[in-house]
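Notes follow the structure.
The values are calculated or read from the model by the stated rules, or taken from the named source; none is laboratory data. No experiment lies behind these values; they were computed from the predicted model shown. Here the Cβ is made from the backbone with ideal geometry for all residues, glycine too, and neighbour counts use every protein chain on show.
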Amino acid sequence: MNLTVLELADFLCGRLLAGNAGHRVCGFASLDEATEEDVAFFALEGYRAKLATTGAGVVLVPPDFEGSVPDGVALIAVSEPSQAFSSLVEKYAPPRPKSISGIHPSAVVDPSAQLGERVCISPNAVVGAGAVIGDRSEIGAGAVIGDGAVLGADCIIHSNATVAWGCVLGSRVILHSGCVVGADGFGYEFVDGRHRKVEQLGIVEIADDVEIGACSTIDRARFGRTRIGEGTKIDNQVQVGHNAVIGKHCIIVAGGAIAGSCLIGDYVTMAAQVGVAGHLQITDKVVLGARAGVTKSIQESGMYFGFPHQPAAVERKQIAAARKVTDLLARLKALEKAVKAQAEGS
């Protein structure tokens, strides 16, 4: 990329608010790391201090932006600064390395596996008996596709990820490194003083356009299917228990844990380290704040915080009240002291 500020504004359908229209930029960076040759963006008020000291050549800001920036920094107003920045990066950033279709000599592919057109099997990957891999899908180095597993078209299975036997993935599914789809569910029965393993003979079914982060685990069902709905995005180090069902277009952030047989609706957002107890139902369009603990089913859409979870407005009031406890104790002690002094003086 080598654009003037004016050319950049035209490309983004933005409006130049300040700065030298002829100044050229060629890179992308955050507000605190940008130089005069970089584009940065400002979208959240929490970054205003960094905006005030940025060294960027140009900053993308909201249409209603008010404030000041260092001398020489150009400002372009766009409707969605973050999205505009992303479109710029997608257009001009160097492309990711692309795999070359074909099977690497060190890969192990069972003769009964079915491979679509332009499939890439990278070094030391394993494709089991009867597995099916759709057109243009990529299997990274050291990844394992188990016996009878089925992958749709344009899937990307990154290095050392696993799709265990019998599991089914739709098209355009992305599994990041170390992700495991189809590990045994955590099921035991206590018999004669010992934990006896309960066989987990179901599968995992993942719909189209799902992305699952590094080292996340989706357990196979005890029977039937553990399911992840279309378009759902799961962050790193998330655990989904056996027979859980997660709806469409959900967001599950790092460190979350969903116990077995839970039913999660569509468009549900779970912030970091949310925990959901087993056999619960969460309706559509619920937002769970970070570290929320869901101990009973949620039947109404809305935002919930805390452990155990409760509506956000209730939790905020309780947090505010808790912060007053120290002051209340001090006042109580002062009152007790005054009463005692009065009693002793009478």
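So which residues in segment 8-33 are at positive phi and either crowded, with 16+ Cβ neighbours inside 10 Å or without any contact (Cβ under 8 Å) to a residue 60 or more places away in the chain (or both)? Residue satisfying the conditions is G19 alone.
Could you list, in sequence order, all residues of segment 59-70 that are part of a loop (DSSP other than H, G, I, E, B) and of a type in the set (V, I, T)?
Within segment 59-70, the first condition is being part of a loop (DSSP other than H, G, I, E, B), and the residues that meet it are 62-70.
The answer is V69, and nothing else.
Of everything listed in (1) out of contact with any Asp or Glu (no Cβ under 9 Å at 6 or more places or on another chain); (2) buried (at least 17 other Cβ atoms within 10 Å of the Cβ); (3) closer than 28 Å to G224 by Cα, the single unmet condition for E315 is (3).
Every condition in (1) surrounded by 20 or more Cβ atoms within 10 Å (Cβ to Cβ); (2) at pLDDT below 90 holds for M1 except the one numbered (1).
Taken together, the criteria exclude L51 from residues that are touching a residue at least 24 places away in the same chain (Cβ under 8 Å) and of a type outside the set (D, E, K, R).
Tally time: how many residues in segment 71-120 are assigned to a loop (DSSP other than H, G, I, E, B) and of a type in the set (V, I, T)?
Of segment 71-120, the ones assigned to a loop (DSSP other than H, G, I, E, B) are 71-73, 78-80, 93-101, 104-107, 110-113, 116-119.
Remaining after also requiring of a type in the set (V, I, T): 73, 78, 100, 119.
Residues that pass the stated criteria total 4.
Consider segment 268-279 and keep the residues that are surrounded by fewer than 18 Cβ atoms within 10 Å (Cβ to Cβ) and more than 16 Å from G306 (Cα to Cα). The one that is farthest from the chain's Cα centre (by Cα) is H279. Residues of segment 34-52 that are surrounded by 13 or more Cβ atoms within 10 Å (Cβ to Cβ) and in a loop (DSSP other than H, G, I, E, B): A34, T35, E36, E37, F42, A43.
Does E33 fit the bill of being touching a Cys at 6+ places or on another chain (Cβ under 8 Å) and over 16 Å from S87 (Cβ atoms)? Taking the combined requirement at face value, the residue does not satisfy it.
Name the one entry in E45, E36, E66 that is out of contact with any helix residue (DSSP H, G or I) (no Cβ under 6 Å at 6 or more places or on another chain), within 24 Å of P94 (Cα to Cα) and not hydrophobic (A, V, I, L, M, F, W, C). Outline the logic, then answer.
Numbers: E45 fails: within 24 Å of P94 (Cα to Cα); E66 fails: within 24 Å of P94 (Cα to Cα).
Just a single option satisfies the conditions, and that option is E36.
So that you can scan it fast, the table gives a plain yes or no per residue for (1) at pLDDT 90 or above; (2) more than 25 Å from the chain's Cα centre (by Cα):
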{"residue": "L6", "(1), (2)": "yes, yes"}
{"residue": "D10", "(1), (2)": "yes, yes"}
{"residue": "G14", "(1), (2)": "yes, yes"}
{"residue": "A18", "(1), (2)": "no, yes"}
{"residue": "E33", "(1), (2)": "yes, no"}
{"residue": "T54", "(1), (2)": "yes, yes"}
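For segment 192-211, how many residues are within 15 Å of A149 (Cα to Cα) and surrounded by 20 or more Cβ atoms within 10 Å (Cβ to Cβ)? Residues in segment 192-211 being within 15 Å of A149 (Cα to Cα) and surrounded by 20 or more Cβ atoms within 10 Å (Cβ to Cβ): 6 in total.
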